[in-house]
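One structure is given here, and the rest of the page talks about it.
Read-outs throughout are calculated quantities, based only on the coordinates presented, and are distinct from any laboratory measurement. Since the structure is predicted, the reported quantities are computational estimates derived from the model, not experimental observations. A quick note on method: Cβ atoms are made from the backbone with ideal geometry, for glycine too, and the neighbour counts reach across all protein chains shown.
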Amino acid sequence: MKIVSLIKKNKLIFLVALTYITVLTISPDKAMASVKNSVYYLIEMVQVLPVIFLFTVVIEALVPKEMIMRGFGEKSGFKGNLLALLLGSISAGPIYAAFPISKTLLGKGASISNIVIILSAWAVIKVPMLANEAKFLGVNFMIVRWVLTVIAIFVMAYITGMIVKKKDLPIDLNKTKMLEIKDDYCIGCGLCVKMLPEYYEMNNDKAAVIKTPEGKEVLQGIQETVEKCPSKAIILNKGAQAS
Amino acid sequence: MDIFTIVFWTIAILLTVISLIKDKKKTFAAMKKSKGMMGNMLGEIIAIIFIIGLVLTFIPPETIKSVLGSANTFVATFVSALAGSITLIPAFVAFPLVGSLVKVGASIVPAVAFLTTLTMVGIVTFPLEKKEFGTKFALTRNVLSFGFAIVIALTMGVIL
């Protein structure tokens, strides 16, 4: 049983290992060549990932949540988009290096549109790459492709923001939420909104949390709404950190 | 290490030291959290890197070159965009490769499609993206990127 769960947890690694073993038995040369090709990327990973680790730590520890929300949140507007573009453009490393940073920013309140901008800009726009492109394909080519790409990134960000909502993201991004309402259970009676309008609001006939509660007195009030809710749709995670 | 990576190392270390001075406890808590998150990703990233190695062996740059230079521009554009989505070749290989093709007179439309999907669409990194951001996010982003790569390519064909 233990082995099964181990394989399930690391599906991709086992799949890749299996493929390599297969290739090795059929054509050892090709397997060796593949390993050799991978080395370049492994070196790149070793050079970039520790930096990414440090950056996620610094964002988590130093940058207040309000700042991220103001800079990259739902209401940050076009200025937030430009900031996201800048952040993605000055980055280093391949696109997977952008995942941990984006996840940390998402957890601190960045909007989905801005995450798309960061990921895309991270992948496509890099100063050393632009220089390389201008050298081999001409300055005109580089500039036109850059302008078109930036426009495309913005349009993509808006479309993705419309299609994908925060609730579509994996649960572990949302688990730090202290207070949440199970949409499937909420019957839209509005009782919680009446009790604590500061923390709840009605949204499409369902109650929604608008503010993270802090402080003991507030929590007591929240606890009351949890108990009064007729469909028990309000969940208060006392263990979750408010930060 | 190129100069950019070195600059990033310096900035990262500097900021971490500042963070440690400002709030030691919070920084260590953040380290623990990040360690958990990145530890979960590390195995997959290594797996992805070895997939890239395999793909490069079975679809070498020479093959891509023949696809990019094929006669039918419309088919070539689509196939090039597809090739860019699957492969992940380093930029310093991709630009000279595409540059040499354009110089001998190949259409730039497939070339641009290839260059754009190469970095923006990641079939190989898709499993990781899906795990970290959810299927809907990963699918939407990659499909849109593929579509826009072709739009960018066609537009460039008209402009240049």
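Numerical summary
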quantity	calculated
Largest to smallest principal axis extent of the C-alpha atoms in the range B:1-124, angstrom	63, 28, 22
Separation between Cα centres of the range B:15-66 and the range B:111-135, rounded to whole Å	16
Simple label model, 7 Å out from Cα along Cβ direction - B:Lys22 to A:Gln220, nm	3.5
Long pairs among A:Lys79/A:Lys135; A:Lys126/B:Lys136; A:Lys211/B:Lys131; A:Lys9/B:Lys131, criterion Cα-Cα beyond 21 Å	A:Lys79/A:Lys135; A:Lys126/B:Lys136; A:Lys211/B:Lys131
Rounded D (µm²/s) - the range B:1-45, Kirkwood Rh over Cα pairs, Stokes-Einstein at 25 °C, 0.890 mPa s	204
Highest to lowest packing among B:93-102, B:6-15, A:133-142, scored as the average C-beta count within 10 Å	B:93-102, A:133-142, B:6-15
Highest-first arrangement of B:149-155, A:59-65, where packing means the average Cβ count within 10 Å	B:149-155, A:59-65
Principal semi-axes in Å for the range A:1-55 [√(5λ), Cα gyration tensor, largest first]	25, 22, 5
Cα-based equivalent ellipsoid of the range A:7-99: semi-axis lengths in Å, sorted from largest, via gyration tensor	39, 15, 13
For the range A:180-243 versus the range A:24-41, the gap between their alpha-carbon centres in whole angstrom	56
Difference of contour (0.36 nm per residue) and Cα-Cα distance, B:Val75 to B:Val7	20.2 nm
Percent breakdown of C-alpha pair distances by 20 Å bin, ordered from the shortest bin, for the protein assembly as shown	24, 52, 21, 2
On Cα atoms only, tilt of A:139-163 relative to the major axis of chain A in degrees	30
Semi-axis lengths (Å, descending) of the ellipsoid that matches the C-alpha gyration tensor of the range A:63-169	26, 14, 12
Rg/Rg_globular for the range B:59-159, with Rg_globular taken as 2.2 N^0.38 Å and Rg from C-alpha atoms	1.07
